[in-house]
1. Accessible area of the chain with a 1.4 Å probe: how many percent of it is carbon plus sulfur?
2. Separation between the Thr313 and Ser150 pseudo-spin-labels, each 7 Å from Cα along Cα→Cβ, expressed in nm?
3. Which of Glu118, Glu166, Glu255 ends up with the largest GNM mean-square fluctuation for the chain, with Cα atoms connected below 10 Å?
4. Name the most mobile residue of Ala254, Ala325, Ala231, meaning the one with the largest mean-square fluctuation, in a Gaussian network model of the chain with Cα contacts below 10 Å.
5. Find how many whole Å separate the alpha carbon centroid of segment 242-256 from the alpha carbon centroid of segment 269-310.
6. Tally Lys and Arg at +1 and Asp and Glu at -1 over the other residues with C-beta under 14 Å from the C-beta of Asp279: what net charge comes out?
7. What does the net charge come to around His267 if you take all other residues with beta carbon closer than 10 Å to its beta carbon, with K and R at +1 and D and E at -1?
8. Consider just the alpha-carbon atoms of segment 126-214 and return their Rg together with their Dmax, both in angstrom.
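The values are calculated or read from the model by the stated rules, or taken from the named source; none is laboratory data. Quantities reported herein were computed from a predicted structural model and do not represent experimental measurements. Quick reminder, even Gly has a Cβ in these numbers, built from the backbone with ideal geometry, and neighbours come from all protein chains shown. When the accessible area is computed, the model is the full protein with side chains, heavy atoms only, and any ligands, DNA or RNA have been set aside. Shrake-Rupley method; radii C 1.70, N 1.55, O 1.52, S 1.80 Å.
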Amino acid sequence: MKDLERFSGKTTQKGAPGPGHKPAATSPNTVLPQAQFVTIGEEEAGQRIDNYLLRVCKGVPKSHIYRILRSGEVRVNKGRIDQLYRLTAGDIVRIPPVRMAEKPENTVPAAEFPIVFEDAHMLVVDKPAGVAVHGGSGVSFGVIEQLRASRPDAKFLELVHRLDRETSGLLLLAKKRSALTSLHEQMRDGVTDKRYLALAVGDWKNQRQHVKLPLHKYTTADGERRVAVQADGMASHTVFTLLRKYDNFALLEAELKTGRTHQIRVHLASSGFPIAGDDKYGDFALNKALQKGDGRRGALKRMFLHAHQISFTHPDTGKMMTLNAPLAPECEKFLVSLGQPRS
């Protein structure tokens, strides 16, 4: 971000150089901005000052952000504040001169995704499988970056929650900070109802089954995020309802009572019924065979997990909403290739 160019306000500089002064050399990917005075708008209000600075001062080390807060170089309405201060609309923030990373040229391709619902407060899209929700972990960009690129005038657009890259279906985004805060509170309080469709491998027996296995998140030696059932892990609860049975497969609806990383995938795999096509916790030999298909059964080249329904209270109107996304065509086609369900 160059000189905080997207902010307006006064700029001051102490110790202005005299005639003939040559500026100090800087690396091509950094700049030395002068002090900025930024007026906080409604969308920035409510954030802690440290989180706000970490967001707007791209490339500045976290330790340096906290140093300028402690030293009093950051001021709000001309007064000193600590890192816990929460911004309010109309606050004038002084951001001192800091070395910041030059904003790279935008190489994210703009993209829109099928819209399930949109208003002034939120956006709900039907994410396809194979697309990350955000950049990172070897992925340079995801849904959020592509939507921001396609909507350059959007003042605020943030993910409310995440979906695994290979999971398709409903993805919520907030267009106002108040909506983001409201939806996050609903998810923390367990009032959001999220349901998925999963194709489990094996002879599933029960019409309705509760799985309560504690989950522990860890990182592999090569930096990959994984989850395992572990006694001292986080309490986790999924309710599975049988929708259809096929030979060696069962179409299940998974109702999340908690929202842990990879929860559905690990709960099913640990119960002996991995999700078809799951490349982390599934039956790898079967997955390889499914990718090719055979004379009778079609090919499945993705993980069969789809976020098909979500219920929540609208963050502005207070009305209860239930949104649905139909099963992805490639999954529906694979089910058809399995023949008539047994039940």
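1. 50 percent
2. 3.2 nm
3. Per the Cα network of the chain with a 10 Å cutoff, Glu118 tops the list.
4. Taking springs between Cα atoms under 10 Å, the residue moving most is Ala231.
5. 13 Å
6. On the way: positive: Arg165, Arg225, Arg226, Arg265, Lys280, Lys288, Lys301, Arg302; negative: Asp164, Glu166, Glu224, Asp278, Asp283.
Taking every other residue near Asp279 into account, the sum is +3.
7. Numbers: positive: Lys212, Arg260, Arg265; negative: none.
With Lys, Arg at +1 and Asp, Glu at -1, the net is +3.
8. Looking at segment 126-214, its Cα Rg and Dmax stand at 16.3, 52 Å.
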